[in-house]
Amino acid sequence: MTVPVADPAPARMSLNRALVPALLLGPTLLWIFFFFLWPLGLMVWQSFIVKDAFSLDHYASLFTTPIYARALWTTFEISIICTVGSLILGYPVAYYLVVGDARIRAVVMILVIIPYWLDYIVRSFSWLILFGRRGLVNRFLIDIGLITEPLQLLYNLGSVLVGMIQIMLPLMILTLFGAMLRINRQLVAAAEIHGASPWRAFWSVFFPLSLPGVYAAFLLVFIISLGFYITPALLGSPKETMISQIIMLVATELFDWPLASAAGVLLLAVTIAVVIAYNRAFSIERLWGGKEA
Amino acid sequence: MSVRVGRLAIPTGTLLVLLYLLFPVVVVVLISFSSARFLSFPPPGYSIQWYAKLLSDPDWLNSLAITLQVGALTTVFSTLLGVPAAFALSRYGIPGRSFVTALILASLITPTIIKGLSLYLFYVPLGLVNTIWGLAAAHTVSGLPYVVINTIASLRSADRDLERAAVIHGASPLWAVVRITLPIIAPGIMVGAVFAFIQSVHELLVALFVLGGVEKPLAVKLWAGVRSEVDPTIAAVSTGLIGMAVLAYACAGVAQLLSKRRGLPAAGP
């Protein structure tokens, strides 16, 4: 009589199949837990505590103190204008990168990527030199006799946007480009063969097909714009104060950590809400697909 | 008519946008070689005095040393953690795989001020504030996505049959990965590692919270300088940072070129 003996090999195999990925992935997940999620949790916790008891006071003061409420609105406003601006300027460039002359295209690509490599501080700082009272722009306008007194070009909404759009453009262009590459351009050719003008073929074929890429790029640039600190701090006036500056101010100058945490939670919540809304409408995977340039 | 206008409009628009993108970079580089003591553009004459001043200033050199230490630790941590994670994600059926991926990538879209503030709250009781290790641990979270994305992309297009062949011929599975697969995907890993390094060098807000005291990294000292000093030293530091980035990306570019021959894409910041 033979007793069926379980073959030990498959059991060991399946244990390996579970153990190996856990060992490979475990350290990364622990790291992210300790240096990302746990601190975030701590911040959320702090934001609800007033004198050792649960309270929504910090949130109430965020919404009722005029300068905080104003900063929330300003952040939203600046981010939207910046995203729309970089979309309008970036779309033609991304389109050129797809359809333009091959040799020129490679050069354009490199010239778009180079500023992408550089520090936000470095890129914001040059506008101080160009737009200053004795800067290049003012001297030029005086030389050609258009003005006699230097204009105040810095420390306003315009200078903040010029700085921010310059910073966000490469990301916008590369994300749009990644999506446009996946468009089957024979469809555009087909429209033209059937009598559509190039203009018409673009608007009724290429443009609608590029919309998923537009949404992905819009989302990415908008979310990153929400957290801007360096550019508004350097090129803006108090009127252009964004939420990141408020958090920095409240934390490091007023030392009101719970209030700063509440503002942080609010910014985090808005970011997550935008991502979730996007994920509902499209697929988030597309976003990372779009980032692979 | 409108077709011709359209055909001209796109290249012209592209050219204008490129000028807008590159102008600030050119300005900073030229001013760093200025002979004048103030920030005027174009400079009245050229000299290397601001670089000489920088290199003889122990404060700036100390900041450079701190930045390089934090950057190096960040790169090592991100690579050691990210490469195995990428293997797990691309080769095993992980439950909740897209959730895990999202968790790893989440740091990319989290506003940096939030990372800075929350890490500060976490670090104060642990005594990790004002430590190089503390900042490197934080920067690793932001460096990981680059290593993971690039390694997964390389793994996806690497030919796994070579590894299988090694195993059939008697190599242990681990040895086959180390000797066959790792060399094949090394350029992709390197691209990710360079991105991890550069984001650490550039990162300001977490650094302000975690390492803003006596030992300042370059970004923190540059930020303080931009807001107070008005001589071209700042431009020289900026140009130095540009040089550092270009050098690092040139390395990544060579690696990418090597991997492109094998048809691998790369993802970066």
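Of note:
- Estimated dipole of the range B:123-269 in Debye, rounded to 20 [Cβ of Lys and Arg +1, of Asp and Glu -1, Cα centre]: 400 debye
- A simple rule links phi to the HN-Hα coupling: the Karplus curve 6.51 cos²θ - 1.76 cosθ + 1.60 with θ = phi - 60°, which for the range A:213-230 gives x, 4, 4, 4, 5, 4, 4, 4, 5, 4, 4, 5, 4, 4, x, 4, 10, 4 Hz, with x for Gly and Pro.
- Each Cα pair under 8 Å and six or more residues apart adds its separation to the average, and for chain A the resulting relative contact order is 27 percent.
- In sequence order, calculated HN-Hα J values of the range A:259-273 (Karplus, 6.51, -1.76, 1.60; Hz; x Gly/Pro): 5, 4, 4, 4, 5, x, 4, 4, 4, 4, 5, 4, 4, 5, 4
- Counting, for every residue in A:169-179, the Cβ atoms of other protein chains within 10 Å of its Cβ and taking the mean gives 1.
- Solution diffusion estimate, µm²/s, Stokes-Einstein, the range B:150-223, Kirkwood Rh from C-alpha pairs, 4 °C, viscosity 1.567 mPa s: 86 µm²/s
- Charged-residue dipole, Cβ positions (Lys, Arg, Asp, Glu), the protein assembly as shown about Cα centre, Debye nearest 20: 1320 debye
- Debye log10 I(q)/I(0) for the range B:1-109, one point scatterer per Cα, at q = 0.19, 0.21, 0.22 Å⁻¹: -1.00, -1.10, -1.15
- Amide hydrogen neighbours beyond the local backbone of B:Thr131, cut-off 5 Å, H modeled: none
- Per-residue HN-Hα couplings for the range B:169-176 [Karplus 6.51, -1.76, 1.60; θ = phi - 60°; Hz; x = Gly/Pro]: 7, x, 6, 6, x, 5, 4, 5
- Residue-level accessible surface for B:Cys251, protein heavy atoms, 1.4 Å, Å²: 60 Å²
- Taking each DSSP H run with n ≥ 4 as -39500 (n - 2.57) and averaging over every residue of the protein assembly as shown yields -25000 deg cm²/dmol at 222 nm.
- Between the amide H of B:Ser34 and those of B:Ser47, distances stay under 5 Å, these residues lying 5 or more places away or on another chain, with hydrogens modeled in the peptide plane.
- Within chain A, the ratio Rg/Rh, alpha carbon atoms throughout and Rh by Kirkwood, equals 1.11.
- If you wrap the tightest convex hull around every Cα atom of the range A:138-280 and split its volume per residue, you get 162 Å³.
- Note on chain B: dipole from Cβ charges, positive end direction compared against B:Tyr92, B:Ile48, B:Thr75; the farthest Cα belongs to B:Tyr92.
- What the Cα convex hull of the protein assembly as shown gives, in volume per residue, is 216 Å³.
- The mean sequence separation of alpha-carbon pairs under 8 Å and at least six residues apart, normalised by the residue count of chain B, gives a relative contact order of 29 percent.
- C-alpha long axis of helix B:182-202 to longest principal axis of chain B, angle in °: 30 degrees
- Alpha carbon centroid spacing (whole Å) that separates the range A:76-111 from the range A:32-55: 40 Å
- Sites B:Ala171 and B:Leu19 - FRET efficiency at Förster radius 45 Å, r taken between beta-carbons, to 0.05: 0.20
- Averaged over the residues of B:195-207, the number of partner chain Cβ atoms lying within 10 Å of the residue Cβ comes to 2.
- Selected from A:Gly195, A:Tyr91, A:Leu153, residue furthest toward positive end of dipole (the protein assembly as shown; charges at beta carbon): A:Gly195
- Packing rank of B:143-152, B:216-225, A:67-76, where each peptide gets the mean count of other beta carbons within 10 Å, highest leading: B:143-152, B:216-225, A:67-76
- Residues A:Asp119, A:Asp256, ordered by accessible area of protein heavy atoms at a 1.4 angstrom probe radius and largest first, appear as A:Asp256, A:Asp119.
- Applying a DSSP loop filter and a limit of 11 other Cβ atoms within 10 Å to the trypsin sites (Lys or Arg not before Pro) in the range B:23-104 leaves B:Arg37.
- Compactness relative to 2.2 N^0.38 Å, alpha carbon Rg of chain B: 1.22
- Each 5 Å bin from zero holds the following percent of Cα-Cα pairs in the range B:122-269: 2, 9, 15, 14, 14, 13, 11, 9, 6, 4, 2, 1, 0, 0.
- Our summary gives the range B:1-63 a relative contact order of 19 percent, counting only alpha carbon pairs under 8 angstrom and 6 or more residues apart.
- Evaluated at q = 0.18, 0.23 Å⁻¹, a Debye calculation over the C-alpha positions of the range A:44-166 (equal weights, vacuum) places log10 I(q)/I(0) at -1.08, -1.22.
The values are calculated or read from the model by the stated rules, or taken from the named source; none is laboratory data. Just so we're clear, the structure is a prediction, and the values are computed from it rather than from any experiment. Positions of Cβ are generated from backbone atoms using ideal geometry, with glycine treated the same way; all protein chains shown enter the neighbour counts. Note: areas computed on protein heavy atoms with side chains; ligands, DNA, RNA excluded. Shrake-Rupley method; radii C 1.70, N 1.55, O 1.52, S 1.80 Å.
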